[in-house]
2 protein chains.
Amino acid sequence: MSPLLASPRQRAATRRSASPRTAGYSVDVVLLTVLDGQLAAALVRAEGRPGERLRERWTLPWEPGAADEALADAAERVSRDVMGVGPHYLEQVGAFGDGKRHPGTAPLSVAFVALVPAGAVMPADTGGDFFPVNDLPALAPRQRAMIDAAVAHVQQRVGHAPVAFRLLPTTFTLSELQELYELLLDRRLHKASFRRSLQAARIVEPTDEWRSEGRGRPAQLFRYAPRRRRSAPRGIRFE
Amino acid sequence: MSPLLASPRQRAATRRSASPRTAGYSVDVVLLTVLDGQLAAALVRAEGRPGERLRERWTLPWEPGAADEALADAAERVSRDVMGVGPHYLEQVGAFGDGKRHPGTAPLSVAFVALVPAGAVMPADTGGDFFPVNDLPALAPRQRAMIDAAVAHVQQRVGHAPVAFRLLPTTFTLSELQELYELLLDRRLHKASFRRSLQAARIVEPTDEWRSEGRGRPAQLFRYAPRRRRSAPRGIRFE
DNA sequence: GCAATTATTCGCCCGATGATACCAAAGTCA
DNA sequence: TGACTTTGGTATCATCGGGCGAATAATTGC
């Protein structure tokens, strides 16, 4: 079988079956995007051994861990298998293994979170789909925990990493950006303060284009273009 | 051999040798304390197989991963084997496995960070010692990476978790607390501002005791006693 | 007592944040 | 055409928190 002709689904299945003896851990990816104004995670069909009865129909995309490979490389490959292209953001969330089941036999799973811009489409042959994180189908407890941790991880990183910009197209309106921040942080933000802070941080620049959304004044489009080095943190937080 | 008579070192050695076939991953603990005004990590003597030549003499305390156990339980046991008592703080840092060596044969290590109050002593039979994180002996690259990540993790958590208070005795002066924050954050803090924020957060309370350090006015002793629920975060950070 | 040292607090200033209101540019509808 | 609505973008003001220097307090050593 030529690798050039193999579909992502076939590649993934081949790699999985090539390791009948589990390496001791799996690499699982929580692939997040924005769908219909909600955070959504990619799930694929659970593939059990012939004759095995699965209690769950869906699972996070994953791969058995390889001894001689960097974890991030495996996670990137898993993401590529699902979406056809590499993720715009990839970060490790942590290791999960507290006695809960996994679709594979791995006692330990290393979770990654990957971000895909809103509007990206999953190739049909992937056999997967996006589900809102607030309305997930039945999942193994460990996988549910990994999704929850991935969302919490993104929420904590949103102020220190360009998380939001990886979930948006290359150009966007400031209202879209603010709505995304409100979605991620789960709280309302003040419009004037949001734009003031954004301007002070100098991480977006305006383009020459405007977008008219039907009613109301057209909005100027911006792009992510950080021009400022990180300012030293000020003050102390006790929480 | 009765478990009641076994020293921590013997218990750890027994457990390690009980898994000749590696479980696929290890649980490593970065045990931090404050020693001579510096952050210090606990290291133990590296134990190789007979005849095997070790390039490093020291290693992080660790254990092979067990399939049927929670990761945090293993990390707590490792900490207890080193210090004799459980840690005052324990949190997972992440999984490390990017092709670097480990004293065991595990291709993957799950790192935890544990905090021990300044002044705590390591039992003599542990065979370990504390080393300043800025002046570590030769270590395997993966272990060095885990220590660096653990320190960075603590620095990021210091404003959101009672990290500093787990590195201090139960009572302390405000100057000691500020010096610890300056050590952790690696920057100077203004005394009046520090105390003002501390009072606003309502996480310490004064005791009836004062401590005289020789010269100068005696300092009042405080204890950690959070009385305030977390205030909702304000504003936006773009960094 | 007086200087030195350390602890604790006060007052001033500035920047960030939030509330409210205002202006601008488009569509809708009579 | 002209009011009204809708959405984008800005201005003004009050408030709050934090940075800064200085004043005050309590002890040791001379």
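Within region B:209-223, being away from DNA strand D (no atom under 13 Å from the Cβ) and either over 16 Å from B:Glu179 (Cβ atoms) or loosely packed, with under 13 Cβ neighbours inside 10 Å (or both) holds for one residue alone: B:Arg223. Applying the condition of being charged (D, E, K, R) and free of Cβ contacts under 8 Å to residues at least 12 places away in the same chain to region A:186-197 and asking which residue is nearest to DNA strand D (Cβ to nearest atom) yields A:Arg196. Residues in region B:166-180 that are within 14 Å of DNA strand D (Cβ to nearest atom) and away from chain A (no Cβ under 14 Å) were compared, and the one that is nearest to B:Phe222 (Cα to Cα) is B:Thr173.
Taking region A:61-90 as the range and being open to solvent by 40 Å² or more (accessible area, probe 1.4 Å), closer than 16 Å to A:Ala42 by Cβ and of a type in the set (Asp, Glu) as the test, only A:Glu76 passes. I'm checking my understanding of the structure. Among residues of region B:186-208 that are of a type in the set (Asp, Glu) and either open to solvent by 50 Å² or more (accessible area, probe 1.4 Å) or near DNA strand C (Cβ under 7 Å from one of its atoms) (or both), which one is farthest from the chain's Cα centre (by Cα)? Here the residue is B:Asp208. B:Ala200 fulfils the conditions (1) part of a helix (DSSP H, G or I); (2) at the interface with another protein chain (Cβ under 9 Å from one of its Cβ atoms); (3) more than 12 Å from DNA strand D (Cβ to nearest atom) except for a single criterion, (3).
Report whether or not A:Leu183 is more than 9 Å from chain B (Cβ to nearest Cβ), in contact (Cβ under 8 Å) with a residue 12 or more places away in the chain and either open to solvent by less than 100 Å² (accessible area, probe 1.4 Å) or within 12 Å of DNA strand D (Cβ to nearest atom) (or both). Yes.
The values are calculated or read from the model by the stated rules, or taken from the named source; none is laboratory data. Everything quoted here is computed from the prediction, not taken from an experiment. Neighbour counts run over all protein chains shown; Cβ positions are idealised from the backbone, glycine included. Side chains are part of the model used for accessible areas, which takes the heavy atoms of the whole protein and leaves out ligands, DNA and RNA. Shrake-Rupley method; radii C 1.70, N 1.55, O 1.52, S 1.80 Å.
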